[in-house]
Amino acid sequence: KAGVTQTPRYLIKTRGQQVTLSCSPISGHRSVSWYQQTPGQGLQFLFEYFSETQRNKGNFPGRFSGRQFSNSRSEMNVSTLELGDSALYLCASSVLAANTGELFFGEGSRLTVL
Amino acid sequence: AQTVTQSQPEMSVQEAETVTLSCTYDTSESDYYLFWYKQPPSRQMILVIRQEAYKQQNATENRFSVNFQKAAKSFSLKISDSQLGDAAMYFCASLKDNAGNMLTFGGGTRLMVKP
């Protein structure tokens with residue numbers, strides 16, 4: 001069974017640009033969550049989607065957005081990139097809608113903003 | 001808001017020995033869940049162990065066990081018979097009830113295992 005797949009794995013952008021990251025969950029998993037990991041702030045929750053609906057949203061500015069498609073694949077977008085957006089963006093999927101907290105993580109997309 | 005604190009940025013243990021990683025949390029919720037996740041270098045983060053707050057019995061998964069002290073809001077992870085493959089970042093996390101999968105993570109503890 002394939003794991004959570006995130007693309008691209010690495011990318012470099014400049015300030016002001018926008019970026020779209022993709023996440024394919026484990027087959028059968030309908031919940032997809034996104035987390036930002038930085039050395040300074042640690043792991044912070046961005047948002048969670050279930051059945052194409054955003055269920056929860058973390059404390060991030062509106063430049064961070066996401067969506068989920070009918071096949072459960074998810075994308076997140078960051079517009080008007082800032083240097084502080086440099087981070088490892090982790091996607092995680094879960095088979096259940098209920099809060100089991102049992103997340104299956106991808107390897108992440110490492111974004112560098114210059 | 002929930003907060004999770006891991007006071008040990010780094011720990012080391014000799015192979016085959018036992019090590020305990022500390023975690024404290026703060027929550028006003030009565031129903032919540034606690035977790036330990038492991039993030040090996042350049043590999044996916046994986047769930048190590050999960051504890052429901054309403055359960056008094058400490059969770060155990062093979063060589064991994066927790067010491068859950070609800071009144072003290074403490075949730076430590078004990079790794080017995082440490083192996084080289086246990087070397088990783090370990091994150092403590094909390095999840096309040098009815099919050100989907102919106103976990104709050106601690107800052108992490110880097111565990112080094114010496115052969």
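Some values worked out for this structure:
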| item | result |
| --- | --- |
| Normalised contact order of the range B:33-79, rounded percent, pairs of Cα under 8 Å and 6 or more residues apart | 26 |
| Rounded FRET efficiency, nearest 0.05, which uses the C-beta distance separating residue A:79 from residue B:81 and R0 of 41 Å | 0.25 |
| Simple Cβ-charge dipole of chain A, Lys/Arg +1 and Asp/Glu -1, about Cα centre, in debye nearest 20 | 140 |
| Sequence of B:94, B:30 from largest to smallest accessible area, 1.4 Å probe | B:30, B:94 |
| Count, lysine Cα pairs under 25 Å in the protein assembly as shown, 8 or more residues apart or across chains | 19 |
| Shielded by partner chains, the range B:41-60 residues - at least 40 Å² of accessible area, 1.4 Å probe, vs chain alone | B:44, B:45 |
| Accessible area of the range B:52-115 divided out per residue, in Å², using a probe of 1.4 angstrom | 48 |
| Mean separation of Cα contacts under 8 Å, 6 or more apart, over the residue count of chain A: relative contact order % | 36 |
| Two-decimal ratio, the range A:1-53, of alpha-carbon radius of gyration to 2.2 N^0.38 Å | 1.33 |
| Charge dipole (chain A, unit charges on Cβ, about Cα centre) - positive-most of A:90, A:113, A:28 | A:113 |
| Average accessible surface area per residue within the range A:28-114, 1.4 Å rolling probe, Å² | 41 |
| Distance in nm between pseudo-label sites at residue A:63 and residue B:29 (7 Å out along the Cβ direction from Cα) | 3.0 |
| The range B:1-85: C-alpha gyration tensor shape, a/c 1.5 cut-off, then a/b vs b/c | prolate |
| Per-selection Kirkwood Rh - the range A:35-114 (Cα, Å, 1 d.p.) | 13.4 |
| Cα shape, the protein assembly as shown, gyration tensor, a/c 1.5 rule | prolate |
| Pairwise burial B:A, computed as accessible area of each alone minus the pair, summed, 1.4 Å, Å² | 1700 |
| With at most 12 neighbouring Cβ atoms within 10 Å, loop trypsin sites (Lys or Arg not before Pro) (DSSP) excluded, longest segment of chain B | B:56-115 |
| The protein assembly as shown - percent of accessible surface contributed by carbon and sulfur, probe 1.4 Å | 46 |
| 10 Å Cβ neighbours from other chains, averaged over peptide A:48-59 | 2 |
| Exposure of residue A:12 as accessible area (Å², to 10), given a probe of 1.4 Å and all protein chains | 120 |
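The values are calculated or read from the model by the stated rules, or taken from the named source; none is laboratory data. None of these values were measured; they are calculated from a predicted model. Reconstructed Cβ throughout: ideal geometry from the backbone, glycine too, with neighbour counts over all protein chains shown. Just the protein is used for accessible areas: all its heavy atoms, side chains included, with ligands, DNA and RNA removed. Shrake-Rupley method; radii C 1.70, N 1.55, O 1.52, S 1.80 Å.
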